[in-house]
Amino acid sequence: MIRKTRLFTPGPTPLLPAAQFAMAAADIHHRTPEFRALYTKVLAQLKDFVGTKNDVIILSSSGSGAMEAAVSNLTSPGDRVLVLSAGKFGERWSALAKAFGCEVDLITEPYGKTFDFDKVKAALKIETRAVFVQANETSTGARHDMVKLGQLLKDAHSEALLIVDGITGLGTTELDMDATGIDVLIGGSQKAVMIPPGLSYLAVSQRAWDRMESTYNPRYYFDLRKERKNAKNGESAYTPAVALIAALGAALDWIAQQAATPENPAGNLVEGRRKLVDNAEMIAEMTREAMKALGFKLFSDAPGAAATAVLAPEGVDSGVIVKGLKSTFAAIITNGQGEMKGQIFRIAHLGFFDYMDTIALIGAIEQVVVKSIPTLGAKFGDGLIAAQNVYANWKPKA
């Protein structure tokens, strides 16, 4: 049997062909008018993609580099910060803040849960300088309510900056930075924008730029003020990942074109972003209903559209499903991280996934489950029928 490798992982995600072509043709020196025009265009596009009028910075790093940049640029040793943690990436915020000498107040929830905002309100202090959180906790599949959190900080008249890891939230959740009151919103290239790993980006509010003038944690390569100054001239402070920036421009063009009309064949990036989010929401719902129809339980009480985390049946290692899909169909999903390894498996929906990908994966899961986990009682077609019903009745959210 011919097997075609397919990624269903929450990063890296499948690559957009237009972005691959752009990378192959990106033979540009980064101190030339051609690159300056490209860079300026991409920075402007990112503003529309995240919903801000503020400056956006691109870094040649993974998303974790942008997380570190947010901490190093916006805090000083001894600053009191509040970290909301309900998974591996929330734990990363805590570790980063401690590494830069912050006094960390920590709100934790069990893996798979979201936050009790009464606890957040009670933990917020006058001296809290920043709140760090994930929009979507990829390790558990849980989505956290950034609109509610932004409103909480506004109502409290807090001076704390709201710093959001939107690395898997962007493109799977309606994250409108300015309307929500987010001060720093972080994204990554290997997620919903459908290009390889290696770029991160940060949208930064004026309030956060002002804060940087009084903080004194060490920074050099990740000095956001330096990047902002250079970006005004269409350049990066250091050698950029030229091919990835070309790919990002092509991906953002493609997203805009999903909302093309005869009057505007280039499309609209804001509307295209909404279509990207709706696509993720739809195939996530198809997947969730399929898994439940097969007899599985979802892991998260607040599931998002970036990835679905599914509990393995009692007494079964989730690796049975992960390995079975890879060995039989060359389909790659992910196991649980850290303490959840062997207990859950995760299926991604962000970026270049569609109805056909989803139906194929559900059919492959049925093959693995019926043969490998007979105690679950799943039958061929159970998951596919549930997914088909979701698709047939799906209505995009207004």
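For this structure, a couple of remarks:
- Among the candidates Glu366, Glu339, the residue that is of a type outside the set (A, V, I, L, M) and at pLDDT below 95 is uniquely Glu339.
- Search result, residues across segment 150-174 that are of a type outside the set (Val, Ile, Thr), modelled with pLDDT of 95 or more and under 22 Å from Pro10 (Cβ atoms): Asp165, Gly166, Gly169, Leu170, Gly171
Rundown of residues vs (1) farther than 14 Å from Ala123 by Cβ; (2) among the charged types (D, E, K, R); (3) more than 18 Å from the chain's Cα centre (by Cα); (4) modelled with pLDDT under 95, yes/no style:
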{"site": "Ala70", "(1), (2), (3), (4)": "yes, no, no, no"}
{"site": "Thr75", "(1), (2), (3), (4)": "yes, no, yes, no"}
{"site": "Asp79", "(1), (2), (3), (4)": "yes, yes, yes, no"}
{"site": "Leu82", "(1), (2), (3), (4)": "no, no, yes, no"}
{"site": "Ser85", "(1), (2), (3), (4)": "no, no, no, no"}
{"site": "Trp93", "(1), (2), (3), (4)": "yes, no, no, no"}
{"site": "Leu96", "(1), (2), (3), (4)": "yes, no, yes, no"}
{"site": "Ala99", "(1), (2), (3), (4)": "yes, no, yes, no"}
{"site": "Leu106", "(1), (2), (3), (4)": "no, no, yes, no"}
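- Hits in segment 282-301 (condition: in a helix (DSSP H, G or I) and either touching a helix residue (DSSP H, G or I) at 6+ places or on another chain (Cβ under 7 Å) or touching a residue at least 24 places away in the same chain (Cβ under 8 Å) (or both)): Met282, Ile283, Ala284, Glu285, Met286, Thr287, Glu289, Ala290, Met291, Lys292, Ala293
- For segment 386-398, a tally of residues being among the aliphatic types (A, V, I, L, M) and surrounded by 12 or more Cβ atoms within 10 Å (Cβ to Cβ) returns 3.
- Subset of segment 302-320 (residues that are closer than 17 Å to Leu361 by Cβ, part of a loop (DSSP other than H, G, I, E, B) and touching a strand residue (DSSP E or B) at 6+ places or on another chain (Cβ under 6 Å)): Ala306, Ser318
- Sole residue being hydrophobic (A, V, I, L, M, F, W, C), loosely packed, with under 15 Cβ neighbours inside 10 Å and over 29 Å from Asp278 (Cβ atoms), chosen from Ala122, Ala130: Ala122
- Hey, Ser236 of a type in the set (S, T, N, Q), under 22 Å from Val193 (Cα atoms) and modelled with pLDDT of 95 or more or not: yes
- Filtered residues of segment 361-379 (kept if surrounded by fewer than 18 Cβ atoms within 10 Å (Cβ to Cβ) and either farther than 20 Å from Ser318 by Cα or not hydrophobic (A, V, I, L, M, F, W, C) (or both)): Gly363, Gln367, Lys371, Ser372, Pro374, Thr375, Gly377, Lys379
- Against the numbered list (1) surrounded by 15 or more Cβ atoms within 10 Å (Cβ to Cβ); (2) outside any loop (DSSP other than H, G, I, E, B), Gly351 comes up short only at (2).
- Taken over segment 282-316, residues that are of a type in the set (D, E, K, R) and touching a Lys or Arg at 6+ places or on another chain (Cβ under 9 Å) amount to 1.
- When residues of segment 295-311 are limited to those that are surrounded by fewer than 22 Cβ atoms within 10 Å (Cβ to Cβ) and of a type in the set (A, V, I, L, M), the one nearest to Ile167 (Cα to Cα): Ala302
- Only one of the numbered conditions (1) modelled with pLDDT under 95; (2) under 18 Å from the mean Cα position of the chain (by Cα) is not met by Ala266, and that is (2).
- Residue list for segment 134-186, filter: in contact with an Asp or Glu (Cβ under 7 Å, 6 or more places away or on another chain) and either farther than 23 Å from Asp48 by Cα or outside any loop (DSSP other than H, G, I, E, B) (or both): Gln134, Leu161, Leu162, Ile163, Ile186
The values are calculated or read from the model by the stated rules, or taken from the named source; none is laboratory data. Given the structure is predicted, the values throughout are model-derived calculations rather than measurements. Heads up, the Cβs are rebuilt from the backbone with ideal geometry, glycines too, and the neighbour counts pull from every protein chain shown.
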